[in-house]
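The block underneath contains the structure these notes are about, expressed in structure tokens.
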Amino acid sequence: MTAQHDADATPQEHAVETVDRGSAVTQSDSFSDPGLPPHKPRQTDIHPAKEKRAERQVFLWFLLSMAGSVFAIFAYFAFPITEEDFGSVRINNLLLGLGLSLGLLGIGFGAVHWARQLMSDVEISEDRHPTHGSEQTRARAVEIFKLGDEESGFTRRSLIRNSLIGALALFPLPAVFMFRDLAPKQDAVEAISQTPWETGTRLAIDPTGTPIKASDVTIGSAFHVIPETLDSHAHDFLDQKALSVVLLVRMPEEQLHETEERKGWSYNGIVAYSKICTHVGCPVALYEQHTHHLLCPCHQSTFDVSDGAKVVFGPAARPLPQLPIAVDDEGYLVAQRDFTEPIGPSFWERLDHIDDEHPESSARTEDRA
Amino acid sequence: MTTTRAARKTSFTSKASNYLDERTSISGAVSFLGRKIFPDHWSFMLGEVALYSFIAILISGVFLTFFFDPSMTHVTYEGSYVPLKGIGMSVAYHTALDISFEIRGGLLMRQVHHWAALLFVASIGLHMLRVFFTGAFRKPREINWVIGFLLFVLAMAEGFTGYSLPDDVLSGNGLAIINGMVKGIPIVGTWISYFLFGGLFPGTEIIPRLYSLHIMLLPAILIVVLGIHLVLIVVNKHTQFAGPGKTNKNVVGSPIMPTFAAKAGGFFFLVFGTIMLIASIFTINPIWNYGPYDPSPVSAGTQPDWYIGFADGALRLVPPGWETEWFGLTFTWAIIIPIIVMVGFLMLVAFYPFIEQWITGDKREHHLSDRPRNNPTRTAIGAAGVVFYAVMWAAASSDLMATHFHVNVFHVIYVLQAALIFGPIITYFITKRVALALQKKDREIVLHGYESGRIVRRPGGEYIEVHEPLDEYERYRLVTFETYEPTKERPNAQGRISAGVKIRGALSRWFFEDRITPVTQSELEASKHDH
Ligand code: HEM
Ligand code: FES
């Protein structure tokens, strides 16, 4: 390497070479640097005519840029957006944009052309120096720190130094607590562990809110469901909806495999499952009627609705929670109660909120074949 | 400095410069910076692309802030986009629609902002690869590598917070995924999510909060960190490829004034102009097609912005059932493991310069860019990392691949799971072999010249190809590189070899066992005598 060559050649550079070179090999017999190759003049350096032409080209680019900018202003007014006309939005976008692009690109091409054809292209060499300061500045820096220490007594007066460190360590701490009110006073785990479903809440169609009659659910059909009580004008409408969306499916009863525990949770082959994926919480929206598979579009977790919504593929680890349903006097589908476990993605304290009377929630029904 | 001349020849510029200098001593800065030298290579422009697209982001972003309102208050749409009339939505989504449909140039600025953001992260990624493969992260530039890494992370954070602002179905769904991931973090996850969203998901706080981050905190940090990055580039001076006259002790190229300034300034306009051109022709993020956020619907085949893909893909590659319940607590490995893998991968990237320096033990300053072939192991490691990232990234499109190639999406995932493990290993070996082969070829060329393609018949009857010898400049470019040999494991004062030394020895062997040294003068002499 050249660096070493120079070092071998010039004794004053030995200082640099005392830096540990680690396992780098010293090449004893390497080629010496022939130096920068001679400069090759460009066409524009030799022929005045070519130089003139390049100058004209640069001028043309700048002229085009001006035309583009003027056109952009023209387009802004000449092609306005008209109410309810999507086409006018597109035209405005296109023509204004093209004008601006030309305004920018013209300057860009012109300047680069100027630099390449007309400005000197002779390569210049600048020396490098070791990055660290000179011996003098380094000594001076050390001296300054020493002076600072002596004059303040930072090392000597250890009591006040240490108490300063203590104070500095403590003063940001209140800021940490001040973030408590980022969220409401209520306990986080309590808040996310209940949904708006209550005993007797009717299942309604999402988004219209029309209650669903059991007799209207034909075999093979699937419904996106919300609780009838959900108030679309409430301030927390989306929060409640995010907790309570359910997918309702009817299949031939003989195809439905239910555990003993959950025998009473379905009605005539109609089952209802939380629509929030147990992986990281996307809505599990794609139902495949013939396989009874429910597919999450986010990461392809696949749940088997005919078999307790257990996971058949994908990164989700638990079945979707099931909503126990029944039918009321008027034949409408209702919830028997809230889910027996928190819906949605897993969290640290999840097991605290599994209904004791229904220990056989998804955490346990899951059969990992 | 110009006082005497200015007194006589009072042109406006000289008066103005004099006025300024007498109040700021700016001539010092001009004389320090004005003729600084920048070496020229196409790959050195990638960082510039990042810088210029960031400026485009700032300009278009400020325009958007004048019209965008991040509130999550529920309103009914009354704007001029017919399909959404009468639909309930947040103010944030409403104003994002208004920017697109009521304000002339609003859609254009949104598209400029989004395209520029995509280009920004892409150019940062490529810039980082350039620095890696040329070894430009070595002393004294390790700190600037780490700073650049921070910029990469900040850029992704900016992108994600921005993507979440319009409150359409896709952006809300992205937040739902974040919510789920945060909840999977042991011990604190539930609470972090609760604080982040100000209660339940989605709540009414998250978008205003992300907005503060997106337009204030993150850009402020980004600009400061970017400033340090640029200052360090001036302090360290740019690296250059070795060549005749280009050594570790100089920097060869064009001076800032005028050539580099003209090229770089012009290039800014080219980058901005190209972004503008793309934004005027191609739609990006048509939020009006997605509808306002609602926790219920989602459509298949939707994609996050490209730079979030690797995280999404990492989640998809987890096999079923990765969760355990211990002591009544839930350990969500399906989330914890991908997070650890991603963070671990990013940490390796961030600290690579220190690892390599520890292995070589080389404490000297390095100002010459390596040609990637001349450090085969590093290049192979880099290529393996790229493949690892690429597989995760590809996994984010597993469903699209399945529908496009008419295969089962489950099988796509199985293949990608295998690729995640074996892909980097195979890539490592292939890349290393290729790099060594290229080095051998360089040696051949130095020793025997270029193959000219001209065949001549020798007097003896045999045919040979004529080899054109190299001129000394070309030759010097091919023989100027540094090689290392495996370190010897030296015992310490007690005569023992510590574990650290052993590990380092092993790593050093792994790095430098296969190596090809540059041709020396005597080798060239010898090869001439062979003929
Ligand atoms: C520095 C890197 C930045 C990146 C990567 C970035 C990225 C993004 C992205 C991807 C979006 C979504 C755009 C869309 O809806 O089409 C967005 C929106 C937005 N950004 Fe940025 N941004 C950055 C900086 C800024 C800055 C500095 C500002 C303002 C000073 C800003 C203001 C906005 C505003 C107001 C929106 C929402 C408006 C809308 O959706 O139309 N951004 N950003
Ligand atoms: S959220 Fe359903 S698979 Fe990830």
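Key figures for this structure:
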read-out	value
Output for segment B:432-450, where each listed residue is under 21 Å from B:Glu468 (Cβ atoms) and touching a residue at least 24 places away in the same chain (Cβ under 8 Å)	B:Leu438, B:Gln439, B:Lys440, B:Asp442, B:Arg443, B:Ile445, B:Val446, B:Leu447, B:His448
Checklist (1) outside any helix (DSSP H, G or I); (2) at the interface with another protein chain (Cβ under 7 Å from one of its Cβ atoms); (3) within 44 Å of the chain's Cα centre (by Cα); (4) on the phi < 0 side of the Ramachandran plot applied to A:Asn93, failing item	(1)
Qualifying residue in segment B:118-133 (condition: within 10 Å of ligand 1 (Cβ to nearest atom) and either at pLDDT below 95 or open to solvent by 20 Å² or more (accessible area, probe 1.4 Å) (or both))	yes
Test for B:Thr330: is it facing chain A (nearest Cβ under 7 Å) and among the hydroxyl-bearing types (Ser, Thr, Tyr)	yes
Leading residue by the ranking (nearest to B:Thr247 (Cα to Cα)) among those in segment B:483-503 that are touching an Asp or Glu at 6+ places or on another chain (Cβ under 8 Å) and touching a residue at least 24 places away in the same chain (Cβ under 8 Å)	B:Tyr484
Number of the condition not met by B:Leu222 [criteria: (1) touching an Asp or Glu at 6+ places or on another chain (Cβ under 7 Å); (2) farther than 28 Å from B:Gly148 by Cβ; (3) within 16 Å of ligand 1 (Cβ to nearest atom)]	(2)
Number of the condition not met by A:Gly133 [criteria: (1) in a helix (DSSP H, G or I); (2) open to solvent by less than 40 Å² (accessible area, probe 1.4 Å)]	(1)
Boolean, A:Ser301 is more than 16 Å from ligand 1 (Cβ to nearest atom), hydroxyl-bearing (Ser, Thr, Tyr) and buried (at least 24 other Cβ atoms within 10 Å of the Cβ)	yes
Residue within segment B:265-281 that is of a type in the set (Phe, Trp, Tyr), within 7 Å of chain A (Cβ to nearest Cβ), open to solvent by less than 50 Å² (accessible area, probe 1.4 Å) and over 30 Å from A:Thr195 (Cβ atoms) present	yes
Filter pass, B:Leu470 being under 40 Å from the mean Cα position of the chain (by Cα) and part of a loop (DSSP other than H, G, I, E, B)	yes
From the options B:Leu175, B:Leu151, B:Leu196, B:Leu119, residue that is over 30 Å from B:Glu365 (Cβ atoms) and either under 20 Å from the mean Cα position of the chain (by Cα) or free of Cβ contacts under 8 Å to residues at least 12 places away in the same chain (or both)	B:Leu119
Members of segment B:187-210 found to be touching a strand residue (DSSP E or B) at 6+ places or on another chain (Cβ under 9 Å) and modelled with pLDDT under 95, listed by number	B:Ile187, B:Thr204
Count of residues meeting criterion [outside any loop (DSSP other than H, G, I, E, B) and either under 29 Å from A:Arg202 (Cβ atoms) or more than 10 Å from chain B (Cβ to nearest Cβ) (or both)] in segment A:293-323	11
Contacts under 6 angstrom Cβ, first residue in segment B:18-31 being outside the structural domain of B:Ala261 (by TED's automatic domain parsing), partner open to solvent by 80 Å² or more (accessible area, probe 1.4 Å), 6 or more apart	B:Ile26/B:Leu20; B:Ser27/B:Met1
Residue that is of a type in the set (Phe, Trp, Tyr) and open to solvent by 60 Å² or more (accessible area, probe 1.4 Å), where the choices are A:Phe71, A:Phe31	A:Phe71
Residues that are within 12 Å of ligand 2 (Cβ to nearest atom) and either within 8 Å of chain B (Cβ to nearest Cβ) or not β-branched (Val, Ile, Thr) (or both), drawn from segment A:276-288	A:Ile276, A:Cys277, A:His279, A:Val280, A:Gly281, A:Cys282, A:Pro283, A:Ala285, A:Leu286
Qualifying position, being within 11 Å of chain A (Cβ to nearest Cβ), closer than 20 Å to B:Phe201 by Cβ and in contact with a strand residue (DSSP E or B) (Cβ under 7 Å, 6 or more places away or on another chain), among B:Pro320, B:Pro304, B:Pro295	B:Pro295
Residue among B:Phe38, B:Phe63, B:Phe68, B:Phe12 that alone is away from chain A (no Cβ under 13 Å) and either within 30 Å of the chain's Cα centre (by Cα) or within 16 Å of ligand 2 (Cβ to nearest atom) (or both)	B:Phe68
Unmet criterion (only one of (1) part of a loop (DSSP other than H, G, I, E, B); (2) surrounded by 15 or more Cβ atoms within 10 Å (Cβ to Cβ)) for A:Val122	(2)
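Each row is one residue, and each column tells you yes or no for (1) under 16 Å from A:Ile192 (Cα atoms); (2) outside the structural domain of B:Ile308 (by TED's automatic domain parsing); (3) out of contact with any helix residue (DSSP H, G or I) (no Cβ under 8 Å at 6 or more places or on another chain); (4) of a type in the set (Lys, Arg).
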site	(1), (2), (3), (4)
B:Arg138	no, no, no, yes
B:Asn144	no, no, no, no
B:Ile147	no, no, no, no
B:Leu150	no, no, no, no
B:Ile187	yes, no, yes, no
B:Tyr194	yes, no, no, no
B:Gly199	yes, no, no, no
B:Glu205	no, no, no, no
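Here's the yes/no breakdown for (1) within 16 Å of ligand 2 (Cβ to nearest atom); (2) surrounded by fewer than 24 Cβ atoms within 10 Å (Cβ to Cβ); (3) away from chain B (no Cβ under 13 Å):
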site: A:Thr218; (1), (2), (3): no, yes, yes
site: A:Phe237; (1), (2), (3): no, yes, no
site: A:Val249; (1), (2), (3): no, no, yes
site: A:Glu253; (1), (2), (3): no, yes, yes
site: A:Thr259; (1), (2), (3): no, yes, yes
site: A:Asn268; (1), (2), (3): no, yes, yes
site: A:Ser274; (1), (2), (3): yes, no, no
site: A:His290; (1), (2), (3): no, yes, yes
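The values are calculated or read from the model by the stated rules, or taken from the named source; none is laboratory data. All figures in this text were calculated on a predicted structure; none of them were measured in a lab. Cβ atoms come from the backbone with ideal geometry, glycine included; neighbour counts cover every protein chain shown. Note: accessible area is taken over every heavy atom of the protein model, side chains too, but ligands, DNA and RNA are not part of it. Shrake-Rupley method; radii C 1.70, N 1.55, O 1.52, S 1.80 Å.
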